[in-house]
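The values are calculated or read from the model by the stated rules, or taken from the named source; none is laboratory data. Fair warning: this is a prediction, and the values are worked out from it, not measured in the lab. Cβ placement follows ideal geometry from the backbone for every residue including glycine, while neighbour counts extend to all protein chains displayed. Each accessible area value is taken on the protein alone, full model and side chains, heavy atoms only, with ligands, DNA and RNA left out. Shrake-Rupley method; radii C 1.70, N 1.55, O 1.52, S 1.80 Å.
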Amino acid sequence: MNECRICKNTIEPFMTFGKMPIANGFLKDNEFKNEYFYDLSPAFCSKCFSFQLINQPDPKMMFHENYAFFSKTSKFMQTHFKQFADWIEQNYFNDKNPFIIEIGSNDGILLENFAKKNIDHLGIEPSSNVAENALKNGVNTITKFFNESLTSDILENYRKADCIVAANVMCHIPDLNEIGKCANSLLKEKGVLIFEDPYLLDMLQRVSYDQIYDEHVFMFSAHSVNNIFKEHNLEIIELIHQKTHGGSMRYVLGRKNQRQKTNNVNYFFEKEKEFGLDKFETYIKFKNDCEISKKNFVQSLKNYRDKGKKIAGYGATSKSTTVLNYCEVDSNLIEYISDTTPIKQNKFSPGMHIPIKTYDFFLENIPDIAVLFAWNHKNEIINKEKNFVNKGGKFISHVNLNNY
Ligand code: SAH
Ligand code: TYD
């Protein structure tokens with residue numbers, strides 16, 4: 001019997017993606033034999049409506065000195081975070097001398113916007129290689145996991161914050177009750193907790209099941225976020241849907257009755273209810289949708305291969321680890337995957353061991369078909385690859401690319 005990570009109710013598994021390696025665990029061939037696998041199975045809690053993984057590998061196996069995800073690899077995301085920083089400054093800094101804390105600040109993509117303006121900030125980032133980049137750019141960073149003991153250190157050495165922000169990391173953290181407690185200790189009276197993460201409703205509607213991987217121990221909805229944080233006297237005051245990461249939600253939470261709620265909060269609650277996000281049947285349907293998606297994806301790759309087409313992957317995303325391992329697609333179907341991140345290059349993809357190549361390699365070995373694993377960066381990539389498309393190259397994906 002499995003317990004909900006939030007409310008301790010019994011959770012209901014509804015499918016498994018099978019044995020999975022660490023999503024960002026790009027490896028060398030001499031590491032194949034010791035590769036770590038775990039069972040990737042999501043479950044739904046019908047009491048607090050949390051969508052969560054039953055098993056998550058130890059965070060230290062995922063976030064460390066060789067972490068492979070660098071936020072600044074996307075220009076679109078750099079613009080997004082600049083706009084995000086401006087929006088926070090305009091809407092949620094009331095104090096003349098504001099202080100902002102970011103959980104999972106990575107290479108400083110968000111905080112550098114505050115650092116440039118000499119606004120008091122602090123990044124918390126356990127993966128030392130990405131944190132180093134932030135430090136080099138003048139972003140004040142502590143290389144540790146965010147937790148209660150670090151919270152005491154921050155209160156001793158810094159001060160209470162106007163805003164705690166987290167992008168694409170809250171959904172990584174297994175103990176959110178601890179985060180609720182930390183936020184209560186660290187925030188000023190009118191302070192806010194702001195985070196954005198891939199949105200459950202988008203994932204269910206678009207069957208973008210590759211959002212499910214080890215780091216994403218939760219996929220949030222307004223319903224589940226409300227239930228998680230109300231126990232800690234925090235309420236949702238604003239919800240803003242985002243285009244990033246294939247459909248995300250920005251949640252703004254304040255202490256109960258301290259701030260005015262915006263009108264759109266109810267809109268998203270209604271929308272989620274209408275879709276049936278609170279019903280177990282919805283997840284059974286999602287399971288069936290995933291199975292159909294898998295069948296179609298594998299079949300289309302086989303069809304192209306049988307016609308003699310050269311197939312490569314574009315973007316060795318963490319998400320691709322779920323697609324490749326769930327669909328059991330290896331280098332017999334996809335010859336190589338190109339990626340601009342140096343730490344991934346000349347290694348192999350987790351589990352299926354497809355070679356990861358540089359972007360130059362892609363230009364020198366142009367495929368007929370490029371499987372766009374970084375489908376969430378479609379516009380940026382299609383713009384960059386006009387030449388590939390004009391010469392007859394085709395982008396495909398397991399998701400419907402017309403939605404992005
Ligand atoms: N905020 C960035 C990075 C997201 S990737 C962006 O949106 O692009 C998630 C980051 O959170 C990684 O850099 C990882 O090392 C970090 N992280 C994971 N668990 C964490 C925790 N418990 N506390 C602080 N950071 C964490
Ligand atoms: P992303 O989809 O942001 O994240 P995740 O790992 O969370 O699924 O990852 C984008 C990956 O795609 C990253 O490894 C960099 C790579 N990439 C390219 O190779 N070329 C590009 O033009 C862009 C935008 C990304």
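Which residue pairs have Cβ atoms under 9 Å apart, sit 6 or more places apart or on different chains, and have a first residue in the stretch 266-286 that is of a type in the set (Gly, Ala, Ser) and a second that is open to solvent by 80 Å² or more (accessible area, probe 1.4 Å) and assigned to a helix (DSSP H, G or I)? If the second residue must be open to solvent by 80 Å² or more (accessible area, probe 1.4 Å) and assigned to a helix (DSSP H, G or I), the pairs left are Gly276/Lys285. In the stretch 42-78, of all residues being within 13 Å of ligand 1 (Cβ to nearest atom) and polar (S, T, N, Q), the one that is surrounded by the fewest Cβ atoms within 10 Å (Cβ to Cβ) corresponds to Asn66.
Return a yes/no flag: does the stretch 308-325 have any residue that is in a loop (DSSP other than H, G, I, E, B) and basic (Lys, Arg).
Yes, the stretch 308-325 has at least one match.
What about Ile164, is it in contact with a Leu (Cβ under 7 Å, 6 or more places away or on another chain) and away from ligand 2 (no atom under 16 Å from the Cβ)? Against the criterion (in contact with a Leu (Cβ under 7 Å, 6 or more places away or on another chain) and away from ligand 2 (no atom under 16 Å from the Cβ)), Ile164 qualifies. For the stretch 1-41, a residue qualifies if it is surrounded by 13 or more Cβ atoms within 10 Å (Cβ to Cβ), touching an Asp or Glu at 6+ places or on another chain (Cβ under 8 Å) and of a type in the set (Ser, Thr, Tyr), and the qualifying residues are Thr16, Tyr38. The residues on offer are Lys136, Lys160, Lys117, and the sole one that is basic (Lys, Arg), under 21 Å from Ile343 (Cβ atoms) and at pLDDT 95 or above is Lys136.
May I ask you to verify whether Phe195 is in contact (Cβ under 8 Å) with a residue 12 or more places away in the chain, near ligand 1 (Cβ under 10 Å from one of its atoms) and among the aromatic types (Phe, Trp, Tyr)? Talk me through it step by step, then tell me what you get.
On the way: in contact (Cβ under 8 Å) with a residue 12 or more places away in the chain: yes; near ligand 1 (Cβ under 10 Å from one of its atoms): yes; among the aromatic types (Phe, Trp, Tyr): yes.
Spelling it out, Phe195 is indeed in contact (Cβ under 8 Å) with a residue 12 or more places away in the chain, near ligand 1 (Cβ under 10 Å from one of its atoms) and among the aromatic types (Phe, Trp, Tyr).
Go through the stretch 348-371 and give me each residue that's in contact with a helix residue (DSSP H, G or I) (Cβ under 6 Å, 6 or more places away or on another chain), among the aliphatic types (A, V, I, L, M) and more than 20 Å from Tyr304 (Cβ to Cβ). Result: Ile356, single match.
Of all residues in the stretch 311-347, those satisfying the criterion of being buried (at least 24 other Cβ atoms within 10 Å of the Cβ), among the hydrophobic types (A, V, I, L, M, F, W, C) and touching a helix residue (DSSP H, G or I) at 6+ places or on another chain (Cβ under 9 Å) are Ala316, Val323, Val329, Ile334, Ile337.
Pairs are defined by a Cβ separation below 6 Å, a sequence spacing of at least 6 or placement on different chains, a first member in the stretch 118-134 that is within 20 Å of Asp153 (Cβ to Cβ), and a second member that is in a helix (DSSP H, G or I) and hydrophobic (A, V, I, L, M, F, W, C); the pairs so defined are His121/Phe114; Gly123/Ala134; Glu125/Ala131.
Considering only residues in the stretch 201-235 that are in a strand (DSSP E or B) and buried (at least 21 other Cβ atoms within 10 Å of the Cβ), the one that is farthest from the chain's Cα centre (by Cα) turns out to be Leu234. Restricting the stretch 367-384 to residues that are more than 18 Å from Thr321 (Cβ to Cβ) and either loosely packed, with under 15 Cβ neighbours inside 10 Å or in contact (Cβ under 8 Å) with a residue 60 or more places away in the chain (or both) leaves a set whose member that is farthest from ligand 2 (Cβ to nearest atom) is Asp368.
If you check Glu89, Glu65, which single one turns out to be more than 23 Å from Ser248 (Cα to Cα) and either modelled with pLDDT of 95 or more or within 16 Å of ligand 2 (Cβ to nearest atom) (or both)?
Working: Glu89 fails: more than 23 Å from Ser248 (Cα to Cα).
Sole residue among the options that is more than 23 Å from Ser248 (Cα to Cα) and either modelled with pLDDT of 95 or more or within 16 Å of ligand 2 (Cβ to nearest atom) (or both): Glu65.
Here Asn387 meets the list (1) assigned to a loop (DSSP other than H, G, I, E, B); (2) of a type outside the set (Asp, Glu); (3) open to solvent by 40 Å² or more (accessible area, probe 1.4 Å) almost entirely, failing just condition (1). For the stretch 326-349, filtered to residues that are among the hydrophobic types (A, V, I, L, M, F, W, C) and assigned to a loop (DSSP other than H, G, I, E, B), the residue that is farthest from ligand 2 (Cβ to nearest atom) is Leu333.
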